[in-house]
Amino acid sequence: FLLISASLFSVTKQTEGKELTKEEKQRLRKEKKQQKKNKEKKDEKASQGSEKEKKSGSLAAAAPQPPAKSTTVKTPSAVPAPAPVSVPSSLEAPAPVDKPSKTKAELKAERRARQEAERASKPGKKGEPGQQAASGKQKAPPSELQPVIKRLPEHIQVDNPDVLKKLAKKLERQQIPLRLDYGYKVSLFSHLHQYSRKAPLTQQLSIPSTVIHPAVVRLGLQYSQGIVAGSNARSVALLHAFKQVIRDYITPPNEELSRDLVNKLKPYISFLNQCRPLSASMGNAIKYVKKEISNISSQCKEEEAKSKLLNCIEWYIKEKIILAAKAIAESSIEKINNEDVILVYGCSSLVNHILFEAFEKGRKFRVIVVDSRPRLEGREALRRLVQRGISCTYVLISAVSYILPEVSKVFLGAHALLANGYVMSRVGTSQIALVARAFNVPVLVCCETYKFCERVQTDSFVSNELDDPDDLMVTRNGKTQLESWQEVPSLGLLNLVYDVTPPDFVDLVITELGMIPCTSVPVVLRVKNVDQ
Amino acid sequence: MPGPYKETDLTERVEAFLSDLKRGGSGTGPLRGSAETARETTALLRKITAQARWSSAGDLMEIIRKEGRRMTAAQPSETTVGNMVRRVLKIIREEYARSRGSSEEADQQESLHKLLTSGGLSEENFRHHFAPLKANVIEAINELLTELEGTTDNIAMQALEHIHSNEVIMTIGRSRTVEAFLKDAARKRKFHVIVAECAPFCQGHEMATSLSKAGIETTVIADAAIFAVMSRVNKVIIGTQTVLANGGLRAVNGTHTLALAAKHHSTPLIVCAPMFKLSPQFPNEEDTFHKFVSPHEVLPFTEGEILSKVNVHCPVFDYVPPELITLFISNIGGHAPSYIYRLMSELYHPEDHEL
């Protein structure tokens, strides 16, 4: 906290002197109070014994959070249980109510100082501290190598009861029902949610639900039932729903559109997150929308502001998704030769688009569609390709080592590209890349830049999505083997949705900025950040 | 007259067995395990030895070879039939040699010499008639049958040598040998098993239910997730349909992917295969290696219009090269894949490789 304030202090200019000294005074007061708090903590630690101290020490070291934010995570848990799991909660004394507001004020002061610094360096830009708080749900975009204040997303901390309690309280405030987990979870994945498709969130909503816009409710239902699937489709559907929300939005009196609209969007996003965890592309789209909203000046009239926002969203869809697909298709056509045998996996809208364009341009090739249980998305791709007249072969993923000797190239779609070069995509993609590498077949991944993500991940366990385990059941010859899997205590079904492919399996990534190797993803991210 | 009555009875048995083989291998009939097939084949061969009319070892070998050719033609993918025929032929050769008084080892050492000098077939040697030959051969076949009955137990007995506690073991599809192996280890140790379901037949589901009923922590995953979960797996234990002459496998489809994923993560791949699965075939026989079943399993007829415009493949087997395999566990112990050729020469005579 002190280091951050010191760096900010050095950047600001003379004209802001008065306000800074006020800030300085505020900070000094808060520092004194923090010191008092630390003294209290030390007393508690001494009374509770060395064991828990060690545990808390390791926890504090592990969590990459500065003390200010960590207190906001720990304080809501009013359970004083000395259980070793909830050690962080036992660290604090029964928290007084004024603590959160104090730390919020600290954060606000911090942010205001940062705003003024940015204002000083970039004249004409307007920002409110409230909007910065709103974007805190996603990871804070780092600017100029500042220490990144990362907050772990809730959906990968299901095994932490404090986080769950905090989420429950937040949802209660926003009047959104909490979705309950279903079925026995495999121990390796106890930190992820597992929902049942048969119990959609909308069943728990009260009928006259004034909090959530009906377009968003419909969208959430479509997500959770799998009617809208695929990262491009989900993002576009989300942006359309937001457009509808903006059209129907009326600024309440004494409120500014730029601040209020963002606050209105927050419960919608929580609701959609409960229906199905947000994808990386959706996250980027939401960030963009919130930024555009917060950039609306207060002098703008409501109608003007709304039309401006609608145009921005239109532009985003057009530029980042549609034109990007065209650019990618143009550069991929160079990679498709006559007499090629191309292998595709599942149903990627981008890869399908590329194949259609290549076929229109007159390239002669045939396609092998590989599919996997339980989603069987490849059948949809097969239908679309056959309708266009492309000759296709269809196999399941277990037969991929039989069919690969015939294949000349593999085209894969991606859900997100991570900053360490790993490709996050539908489960099974890494397997196809592995076998293709064993047979020396080139693997090309096609991905728009708006799906690039600043996260890093090395395995498919830490951050993933668990689908309904009942999907794995199958009825053959009238018998369903796994029918009563819930009754057998030692049997678990695992239905993963995503997996990560290491960059050494991927030969080329085709984006609208050109053809890059997998390892250049952080370069593209940096270029994007500088542009924005 | 007992003679002709016995013969018709015998031919009936053989015909019944052949039609059973043809039906059982299509994937729709009750899938019989390889052990059962091996036992039935050997029992049938014993019956042929007992009831058919033959005077010398050569005659008997001719009869058995003829029947063997018919049986392998009925279901070429069921290699245990051919393996048992070759075992019995080797037994006959051995018993003949013993009756004649010459030791086997001398034969083996001089084989190269014989190849260079004589060049003539040693079959003409089999024309001698020996009275106790029939009884000896039948006794030897009985020994073979006892060995067959004990294979699964012999393999399962070795389980505790290979599985430690709190391990995560991965397997694919359903293999009775592996099931017995894991259940035996579960009596003394606690470990987790991840079963890949092996579409489209999804035999992994049966395996998982059976293992979980024995109290083993089991998880069923889709085939597509094999590579995703492989990083947490300590060992991969699989069964196979056939062990080929070069140490490779002909196993259920999806095994090659599993083996590649295990190699990538340097996870040992252990194959539990009894000796009767060892076959003198090599994998480069294009026509006979792969077996396909109805594509209805992959793309059902309900898909309608697109069916006529697409090619659908549903292969049953996969080839796994010997470089990806760490260990074979058979009823006579553990072996490296590079040792398989030696076992082959002990089980089968080189002249019997081609029936």
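The values are calculated or read from the model by the stated rules, or taken from the named source; none is laboratory data. Computed from a predicted structure; not experimentally measured. FYI the Cβ positions are ideal-geometry reconstructions off the backbone, even for glycines, and counts take in every protein chain you see.
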Candidate set from region A:433-484 (those that are within 16 Å of the chain's Cα centre (by Cα) and surrounded by fewer than 16 Cβ atoms within 10 Å (Cβ to Cβ)); member that is nearest to the other protein chains (Cβ to nearest Cβ)
A:Val462
Mind listing whichever residues of region B:201-224 are of a type in the set (S, T, N, Q) and more than 20 Å from A:Gly183 (Cβ to Cβ)?
B:Gln203, B:Ser210
Evaluate region A:505-521: report whether one residue or more is more than 29 Å from A:Lys318 (Cβ to Cβ), surrounded by 15 or more Cβ atoms within 10 Å (Cβ to Cβ) and out of contact with any Asp or Glu (no Cβ under 6 Å at 6 or more places or on another chain).
yes
Filter region B:235-258 for residues that are within 24 Å of B:Phe276 (Cβ to Cβ) and within 9 Å of chain A (Cβ to nearest Cβ); which is surrounded by the most Cβ atoms within 10 Å (Cβ to Cβ)?
B:Thr255
Would you check which residues across region B:263-287 are surrounded by 13 or more Cβ atoms within 10 Å (Cβ to Cβ), away from chain A (no Cβ under 11 Å) and in a helix (DSSP H, G or I) and list them?
B:Met275, B:Phe276, B:Lys277
Evaluate region B:198-205: report whether one residue or more is closer than 19 Å to A:Leu396 by Cα, out of contact with any Ser or Thr (no Cβ under 6 Å at 6 or more places or on another chain) and polar (S, T, N, Q).
yes
With the requirement that a residue be in contact with a Cys (Cβ under 8 Å, 6 or more places away or on another chain) and under 21 Å from B:His264 (Cβ atoms), what does region A:397-416 give you?
A:Ser398, A:Ala399, A:Leu412, A:Ala414
On the basis of being surrounded by 17 or more Cβ atoms within 10 Å (Cβ to Cβ) and in contact with a helix residue (DSSP H, G or I) (Cβ under 6 Å, 6 or more places away or on another chain), does A:Ile212 make the cut?
yes
Report yes if A:Val506 is more than 9 Å from chain B (Cβ to nearest Cβ), at pLDDT 90 or above and within 26 Å of A:Gln225 (Cα to Cα), otherwise no.
no
Among the residues of region B:296-326, how many are more than 7 Å from chain A (Cβ to nearest Cβ), outside any loop (DSSP other than H, G, I, E, B) and closer than 17 Å to A:Ser401 by Cα?
6
Test A:Ser430 against the criterion of being among the small types (Gly, Ala, Ser), more than 20 Å from A:Gly346 (Cα to Cα) and within 12 Å of another protein chain (Cβ to nearest Cβ), and give yes or no.
no
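Yes/no per residue for (1) at pLDDT 85 or above; (2) buried (at least 16 other Cβ atoms within 10 Å of the Cβ):
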{"residue": "B:Tyr5", "(1), (2)": "no, no"}
{"residue": "B:Gly33", "(1), (2)": "no, no"}
{"residue": "B:Glu36", "(1), (2)": "yes, no"}
{"residue": "B:Arg39", "(1), (2)": "yes, yes"}
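Within region A:226-253, which residues are among the aromatic types (Phe, Trp, Tyr) and assigned to a helix (DSSP H, G or I)?
A:Phe242
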Is it true that some residue in region A:116-130 is modelled with pLDDT of 75 or more and either part of a loop (DSSP other than H, G, I, E, B) or in contact with a helix residue (DSSP H, G or I) (Cβ under 9 Å, 6 or more places away or on another chain) (or both)?
yes
In the same structural domain as B:Ser175 (by the TED database) and in contact with a Phe, Trp or Tyr (Cβ under 8 Å, 6 or more places away or on another chain), is that true of B:Pro283?
yes
I'm trying to understand the selection: among the residues of region A:170-206, which are outside any loop (DSSP other than H, G, I, E, B) and charged (D, E, K, R)?
A:Lys170, A:Glu172, A:Arg173
The listed residue being more than 16 Å from the chain's Cα centre (by Cα), part of a loop (DSSP other than H, G, I, E, B), at the interface with chain A (Cβ under 10 Å from one of its Cβ atoms) and buried (at least 22 other Cβ atoms within 10 Å of the Cβ), out of B:Ala199, B:Ala208
B:Ala199
Based on this model, can you work out whether B:Thr326 counts as β-branched (Val, Ile, Thr) and either touching a Leu at 6+ places or on another chain (Cβ under 6 Å) or at pLDDT 85 or above (or both)?
yes
Considering (1) within 14 Å of chain A (Cβ to nearest Cβ); (2) among the hydroxyl-bearing types (Ser, Thr, Tyr); (3) more than 19 Å from B:Ala35 (Cβ to Cβ), say which one B:Ser165 fails and leave the rest.
(1)
Checking B:Glu179, B:Glu161 in turn, the sole residue that is under 19 Å from the mean Cα position of the chain (by Cα), outside any loop (DSSP other than H, G, I, E, B) and surrounded by fewer than 24 Cβ atoms within 10 Å (Cβ to Cβ) turns out to be B:Glu179
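Would you be able to say whether some residue in region A:166-183 is without any contact (Cβ under 8 Å) to a residue 40 or more places away in the chain and of a type in the set (S, T, N, Q)?
Filtering region A:166-183 down to residues without any contact (Cβ under 8 Å) to a residue 40 or more places away in the chain leaves A:167-168, A:172-173, A:180-181.
Still in the running and of a type in the set (S, T, N, Q): none.
Among the residues of region A:166-183, not one is without any contact (Cβ under 8 Å) to a residue 40 or more places away in the chain and of a type in the set (S, T, N, Q), which makes the answer no.
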Assuming A:Val344 fulfils every condition listed in (1) farther than 20 Å from B:Ile306 by Cα; (2) at pLDDT 95 or above; (3) in contact with a helix residue (DSSP H, G or I) (Cβ under 7 Å, 6 or more places away or on another chain) apart from one, which condition is it?
(1)
Test A:Pro522 against the stated conditions and say whether it is modelled with pLDDT of 90 or more and either closer than 13 Å to A:Val443 by Cα or out of contact with any Cys (no Cβ under 6 Å at 6 or more places or on another chain) (or both).
no
Evaluation of B:Arg232 against (1) at the interface with chain A (Cβ under 9 Å from one of its Cβ atoms); (2) crowded, with 24+ Cβ neighbours inside 10 Å (one fails), failing number
(2)
Taking B:Ile237 as the residue in question, decide whether it is under 28 Å from A:Lys185 (Cβ atoms) and either over 19 Å from the mean Cα position of the chain (by Cα) or without any contact (Cβ under 8 Å) to a residue 24 or more places away in the chain (or both).
no
Only one of these conditions is not met by A:Asp499: (1) within 9 Å of another protein chain (Cβ to nearest Cβ); (2) of a type in the set (D, E, K, R); (3) over 24 Å from the mean Cα position of the chain (by Cα). Which number is it?
(3)
Go over the candidates A:Glu319, A:Glu303, A:Glu330 one by one and state the one that is of a type in the set (D, E, K, R) and touching a residue at least 12 places away in the same chain (Cβ under 8 Å).
A:Glu330
